[in-house]
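A quick write-up on the structure given underneath.
What follows is calculated from the coordinates using simple rules that are stated; it is not laboratory data. Given the structure is predicted, the values throughout are model-derived calculations rather than measurements. Glycine gets a Cβ as well: all are built from the backbone with ideal geometry, and neighbour counts include every protein chain shown.
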Amino acid sequence: MLRYLTSGESHGKCVLTILDGMPAGLKIKESLINDELCRRMAGYGRGKRMKIESDKVEMLSGLRRSVTIGSPIAMMVKNIDQSIDKMPVCLSPRPGHADLTGALKYDLKDIRSVLERASARETAARVAVGALAKILLSEFDIRITSHVIMIGTILSKQAGLSFSQILTVSERSPVRCADPSTSRLMCKEIDRAIKEGDTLGGVFEIIVEGVPPGLGSYVQWDRRMDANLARAIMSIPAIKGMGIGLGFEAARRRGSMVHDEIFYDKSKGFFRKTNNAGGIEGGMTTGETIIIQADMKPISTLAKPLASVNIKTKKPAKAAVERSDVCAVPAAGVIGEAVSAIEIANAMIEKFGGDSVTEMKRNFKGYLEQVRKF
């Protein structure tokens, strides 16, 4: 089973992670991890911090000659800005952030000690872990991408595009949107928010192609694939909701318009003509493409700050203004890819055995043959 911990503060020396459970025999290219870290830093509306940092991973353990050996993998991403001990005391919590509740919980008189760890900077470590998970999944021809479908009130119109089209077009967009005309409108909406000292949220979609049927399980609550994906997505800072397939739209339709009818053909076995379930039924993958949508609230730090209270004097004050983004929805999609890849890779290891990639491939091949003959 894959498990990992992250460590580090936003303006500390680095962010660290230790990943346990990765099978032996997986060839790792650091450049692929760095590419994912670079994607996380990109996106129209990102703040000045992204111009300061230049995230690159340093592999500390778990590899020999760039190949996993089955032992825990330690990775480090150094911070260029390591000014945590020189930064001023922060006393005015930001509405929408962990600031106030974190200070109350840990009895911290300086909110700086909360926001440095609660910062989304921590997700650099998760993207590094997700990159390793993606490398493992690629060995089984499983691909994953994300794209932005809404920023503020601007909704994209990319229906009917294939996985490859979405991947190609969205990666060229400054907001990672697969509809070029909508992409331009999204950038204009971000520009308006910048002028008004405000921030924007939005919606991104994650697509996972090539997943076999049967990952996850219905027999226990904590083995359900949809539940584990939901936990992972909701753990990303500022994510307030998620759906799979039709998501909340399914609640507004009748069953006859929701459930994917089942068909059979000798050449391809069981299949569906629709995918309203988003590739998951009964807590298990169906073999169809997994489709996840996640809602991100606007960033909590506003250039024109909201009302707050000084935690020391208890008098009214304006919320703290930290170096921050105006819109981070494109980056959140990349983080969503990472945490989804980790959960799916974990389910693959659980299903097919995980001591070595060779063992996994052997078991995977046998399982697909079993499914074909069913």
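Region 3-124: percent of C-alpha pairs farther apart than 25 Å?
Working: 2562 of 7381 pairs.
The answer is 35 percent, as a whole percent.
Cα gyration tensor of region 165-287, axes a ≥ b ≥ c as square roots of the eigenvalues: rounded (a/c below 1.5), prolate (a/b > b/c) or oblate? Working shown, then result.
On the way: a/c = 2.29, a/b = 1.75, b/c = 1.31.
It comes out prolate by the Cα gyration axes.
Which ³J(HN,Hα) values in Hz, rounded to whole numbers, follow from the phi angles of region 167-177 under the Karplus curve 6.51 cos²θ - 1.76 cosθ + 1.60, where θ = phi - 60° and Gly and Pro get x?
Each residue of region 167-177 in turn: 4, 5, 6, 5, 5, 8, 8, x, 10, 6, 9 Hz.
So, counting K/R as plus one and D/E as minus one, what does the shell of residues with Cβ under 12 Å around residue 247 add up to? Provide the component values of the computation, followed by the final result.
Numbers: positive: 252, 253; negative: 205, 226, 249, 295.
So the environment of residue 247 carries a net charge of -2.
With no solvent and one point per C-alpha, what does the Debye sum give as log10 I(q)/I(0) for region 59-150 at q = 0.14 Å⁻¹?
Results for region 59-150 at q = 0.14 Å⁻¹ read -0.78.
Quick check on my link table: of 157/195; 86/195; 109/314; 157/268, which ones sit more than 20 Å apart, alpha carbon to alpha carbon? It would help to have the intermediate numbers written out before the result.
Details: 157/195 26 Å; 86/195 30 Å; 109/314 12 Å; 157/268 31 Å.
In this structure, 157/195; 86/195; 157/268 lie more than 20 Å apart at Cα.
Roughly what angle does helix 225-234 make with the longest principal axis of the chain, taking Cα atoms, 0 to 90 degrees, to the nearest 10?
It works out to around 20 degrees.
For the chain, what is the relative contact order in percent, using Cα pairs closer than 8 Å and at least 6 residues apart in sequence?
Working: 786 pairs, mean separation 85.4, N = 374.
Once divided by the residue count of the chain, the mean separation gives 23 percent.
Which of rounded, prolate or oblate describes region 209-261 when judged by the alpha-carbon gyration tensor and an a/c cut-off of 1.5?
Working: a/c = 1.90, a/b = 1.15, b/c = 1.64.
Here region 209-261 falls in the oblate category.
Which listed residue (234, 244, 200) has the Cα farthest towards the positive end of the charge dipole for region 3-373, taking +1 on Lys and Arg C-beta and -1 on Asp and Glu C-beta about the Cα centre?
Toward the positive end, the furthest listed residue is 200.
For a quick check, take a GNM of the chain with Cα springs below 10 Å and name the residue from 66, 146, 170 with the largest mean-square fluctuation.
Answer for the Gaussian network model of the chain: 66.
Provide 63, 161 in ascending order of the number of other Cβ atoms located within 10 Å of each residue's Cβ, fewest first. List each step's numbers first, then the result.
Working: 63 19, 161 15.
Ascending number of Cβ neighbours within 10 Å: 161, 63.
Under the classification rounded if a/c is under 1.5, otherwise prolate if a/b is larger than b/c and oblate if not, where does region 290-366 fall, given a ≥ b ≥ c as square roots of the Cα gyration tensor eigenvalues?
Details: a/c = 4.91, a/b = 3.23, b/c = 1.52.
Since a/c reaches 1.5 and a/b is larger than b/c, the shape of region 290-366 is classed as prolate.
In region 25-118, what trypsin sites (Lys or Arg not before Pro) fall in a loop by DSSP, with at most 11 other Cβ atoms inside 10 Å?
On the way: sites: 27, 29, 39, 40, 46, 48, 49, 51, 56, 64, 65, 78, 86, 105, 109, 112, 117; in loops: 29, 46, 48, 56, 65, 109.
In loop regions of region 25-118 (DSSP not H, G, I, E or B), the sparsely surrounded trypsin sites (Lys or Arg not before Pro) are 29, 48, 65, 109.
Where does helix 123-138 land angle-wise versus the long Cα axis of the chain, in degrees 0 to 90, nearest 10?
Relative to the chain, helix 123-138 is tipped by roughly 10 degrees.
So for 14, 327, 187, 177, fewest C-beta neighbours within 10 Å to most, what's the order? Don't skip to the end; give the middle numbers.
Values: 14 16, 327 29, 187 19, 177 33.
Ranking 14, 327, 187, 177 by Cβ neighbours within 10 Å, fewest first, gives 14, 187, 327, 177.
State, in angstrom, two size descriptors of region 323-374 derived from its alpha carbons: Rg to one decimal place and Dmax to the nearest whole number.
Spelled out, the Cα radius of gyration and Dmax of region 323-374 are 17.2, 58 Å.
Assign unit charges at the C-beta atoms only (+1 for Lys and Arg, -1 for Asp and Glu), then state the dipole size of region 213-364 relative to its Cα centre in Debye, rounded to the nearest 20. Each step should come with its number before you reach the end.
Values: 21 positive and 16 negative charges, 159 e Å.
Computed charge dipole of region 213-364: roughly 760 debye.
Quick one: dipole size for region 3-373, taken about the Cα centre, charges +1 on Lys/Arg Cβ and -1 on Asp/Glu Cβ, in debye to the nearest 20. Intermediate results must be reported in sequence, preceding the final value.
Numbers: 55 positive and 42 negative charges, 122 e Å.
It comes to approximately 580 debye.
Trypsin sites (Lys or Arg not before Pro), restricted to region 160-268: which are DSSP loop and have at most 16 other Cβ atoms within 10 Å? Each step should come with its number before you reach the end.
Details: sites: 172, 176, 184, 188, 192, 195, 223, 224, 231, 240, 252, 253, 254, 266, 268; in loops: 176, 224, 253, 254, 266, 268.
The qualifying sites are 253, 254, 266, 268.
Rounded to whole Å, give me the distance from the Cα center of region 203-237 to that of region 1-76.
Each part reduced to its Cα centre gives a spacing of 22 Å.
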